[in-house]
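Down below is the structure, laid out as structure tokens.
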Amino acid sequence: MSMLYQSQRAMRAKRQEAMRRGVMAVLDIGTHKISCLVLRFDQKQDFVPAEGIGSMAGQSSFRVIGAATTRSRGLKFGEIDTCQETERAIRTAVQAAQKMAQTRVDHVIVSLAGARPRSYGLDGEVSLTAGTVTDADVGNVLAACDVPDLGRGREILHAQPVNFSLDNRTGLSDPRGHVGNRLSVDLHLLTIDAGAIETLLHCIKRCDLELAGLASAGYVAGVSSLVEDEQELGAACIDMGGGATSLSIFIKKHMIYADTVRMGGDHVTSDISQGLQIPMSHAERIKTRFGGVIATGMDDREIIELEGDTGDWHHDRRTATRAELIGVMRPRVEEILEEVRTRLDAAGFEHLPSQRIVLTGGASQIPGLDGLASRILGNQVRLGRPLRVQGLPQSTCGPAFSACVGLALFAAYPQDEWWDFETPSDRYPARSLKRAVKWFRENW
Amino acid sequence: MRPLIARRGPVTEPARDPAPSIWSYRAQRMWLTPIYRRFLRIGLPSLAVVMALALYLGDEQQRTAIWEHVQEVRREIEDRPEFRVNLMGVDGASPAVTAQIRGAVSLDLPISSFDLDLDALRARIEALPAVQTADLRIQSGGYLAVRVVERVPALIWQTRDGAVLIDAEGHFVAGLDERPLERPLPAVAGEGADRVVDEALRIHAAASPLGDLLRGLVRMGDRRWDVVLTDGRRILLPEQGAVQALDRTLALQDVAEILSRDVVRIDLRNPDRLTVQLSDAAMEDLRRMRALELDPLTGEQSG
């Protein structure tokens, strides 16, 4: 626990250094593609809020100066499977983005989709010594949360205080400065497989980059594709990626639940490949050109040529109708959505005041998906696109890049996490010099 | 040799993996490092230039060769006829002074105008006693014009070593015998007379009614003036108000013809009392007359 706390604090320090230097990269490592954005942070705030223009979610402070996307290699289900291949893919993306930005980046913030995230809701409570809540009290109450047994090989990715209560008042987003007797906190803890993080660290290090932060892809996709009132009133963001579908539930602008379904667009492609007996690359092309989930009578007459290169004349000149293609794709998409439904039900999504569901990610571009999803997930479904940020190229504005854009927003304005507060002195190991110093500071 | 396997259509290369190798990736990152780029774009070329210059100029022979070449080019430019001075003309000086000036300057004409130090020449000309100011300029056509204002002699000053001419400011102009006088000048004598030339001139102007009777002025004790008349008689003027005192004497001359009487000196040093010194013969006469005119009854003197 202490190790994690220290390493997360070190990452925060690196992020501060990158902000001082003014250039940072964000890297979205997905199963289908790896995309990299280079951000430039301006010290001066030249944005002036005017009539009808809000704060733009704070995105006016940075600008995208480099963007690159490459086909990812060596990943499965959003986890790194072959280190060397992934390294090369990361290098390709980073190099192209650097070339576009005409500058060198050293600090990178990474999001990853898979690695079996698991959500925990924790609470802690302390009685306040002084009347007013201070930073140290917040640190105390966060440290007072009793962490359950996470299991072997699990690592905390996010630990975000979601809600503070002071005596009988609840729903405080920031209790500092309030007066009360007992302070309690609800903490959302997200853990993932430690092995995935270690592999990722290894790959980043091999690319001569320094890790300045880690985020869950589902979380950052929600940050960029949910609008403000959806985040406030309660919504679920479903980021349908290539190898994994991440879902995250937001309420009161905090993520309260995140999970992953280990199926995505690549599975649809492999179904097509198997069902129509064509290679994967060809199947991918057919999926993106002719794919759909709701068949009409028109689709029976639309013939798709299934070209092949085997040398067998009959095999190379087969055709399929679009209805057949939809017949292959639809069961898999339904399976994914039903799995998502199960996860949402397990999380208690139906108890939320607003049950808006936003579909985003590359696989959400299948025509007719919103109709199918509203049949399975409920009728408040919409397709989401990421927020528009300054300098983002047109080609990276689609829903496939919502995690990437969200990561940029996360880099600019990270949420307060547990490690942003000082831990109280009694959490330090005994006989530590730091503990003595801290004890002196607190008491004199 | 033809391959045995016939290929139809365009032979497609296997798709190359665009991923950079780790060394090309590192090299590109190094190139994109700002300090490295700045070093390569500015630092390295300037360093190379400095090194090349240092290597070339490190040799003593090279340095002297370059210096000599520079001097040679400079010499060539200076010796061009456009910059040559062929003639020197002196304006505003008498022939004697002109000869003096030519002697003092002693230029070896023709000469390049770069070699002329006009300030030093001017100082040398102005150091001549007969020259008050000099103005030198090089005019077109290689002509060095010297415009001179000569000192005008105002007084003849009799010193122990001889008589000299001094101008109105008291500066030495020439010896009395060195140049002919254009007009008669007043003569003065005595130590410190050259420092109060203007007073001497004023007294001389005031004494003009004396005409040929006036011989000169003598500075007494560097303090006051005596007017010396031709027959050796003196009028002793006070330190202050010398001209007024002289005017009083001249008024007395007009009224009582004091100078035609037998007086040796008229003493005006005390402004309240005019004193005269009679000659010995006159004194004798005076005593005699007084004895005759003495009234036996009263003992009073008349006259």
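Bear in mind that the values in this text are calculations on the coordinates, not laboratory data. Since we're looking at a predicted model, the values are computed, not measured. So basically every Cβ, Gly included, is an ideal-geometry build from the backbone, and we count neighbours across all protein chains shown.
Quick look at the values:
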| read-out | value |
| --- | --- |
| Average Cα contact separation per residue, the range A:120-194, under 8 Å, 6 or more apart, as relative contact order % | 46 |
| Dipole of chain B, positive end: most advanced residue of B:Val264, B:Leu128, B:Ala193 [Cβ charges, Cα centre] | B:Leu128 |
| Mean separation of Cα contacts under 8 Å, 6 or more apart, over the residue count of chain B: relative contact order % | 8 |
| FRET efficiency for B:Gln132 and B:Val243, using Cβ-Cβ distance with R0 set to 25 Å, rounded to 0.05 | 0.35 |
| Between the range A:60-138 and the range B:22-94, the Cα center-to-center distance that results, in Å | 55 |
| At most 16 other Cβ within 10 Å, DSSP loop - GluC sites (Glu not before Pro), the range B:150-221 | B:Glu169, B:Glu178, B:Glu182, B:Glu191 |
| Charge dipole of the range A:265-329 about the Cα centre (unit charges at C-beta), most positive-ward option of A:Gly311, A:Gln277, A:Ile294 | A:Ile294 |
| Ranking of A:Met240, A:Met329 by count of other Cβ atoms within 10 Å, fewest first | A:Met329, A:Met240 |
| MRE, 222 nm, helices only [DSSP H, n ≥ 4, -39500 (n - 2.57), over the protein assembly as shown, to nearest 500] | -11000 deg cm²/dmol |
| Qualifying trypsin sites (Lys or Arg not before Pro) for the range B:119-202 [loop in DSSP, other Cβ within 10 Å: at most 16] | B:Arg160 |
| For peptides A:5-14, A:183-192, B:276-285, sequence by mean Cβ density within 10 Å, most packed first | A:183-192, A:5-14, B:276-285 |
| Simple spin-label estimate for A:Arg289 and B:Thr64 in nanometres, 7 Å along Cα-Cβ | 8.6 |
| Gain in span if fully extended, B:Leu201 to B:Ser140, counting 0.36 nm per residue against the direct Cα distance | 17.5 nm |
| Relative contact order (%) - criterion: Cα under 8 Å, at least six apart; region: chain A | 18 |
| Max mean-square fluctuation residue, GNM over chain B, Cα-Cα springs under 10 Å, options B:Gln71, B:Gln132, B:Gln253 | B:Gln71 |
| Inter-label distance, nm, simple model (7 Å from Cα along the C-beta direction), B:Glu191/A:Thr170 | 12.3 |
| Sequence of A:Trp444, B:Trp23, B:Trp157 once ranked by neighbouring C-beta atoms within 10 Å, starting from the fewest | A:Trp444, B:Trp23, B:Trp157 |
| Where labels lie 7 Å past Cα in the beta-carbon direction, separation of A:Thr319 and B:Glu178 in nm | 13.3 |
| Amide N proximity, the range B:131-147 versus B:Glu82 label position 7 Å along Cα-to-Cβ, cut-off under 16 Å | B:139-143 |
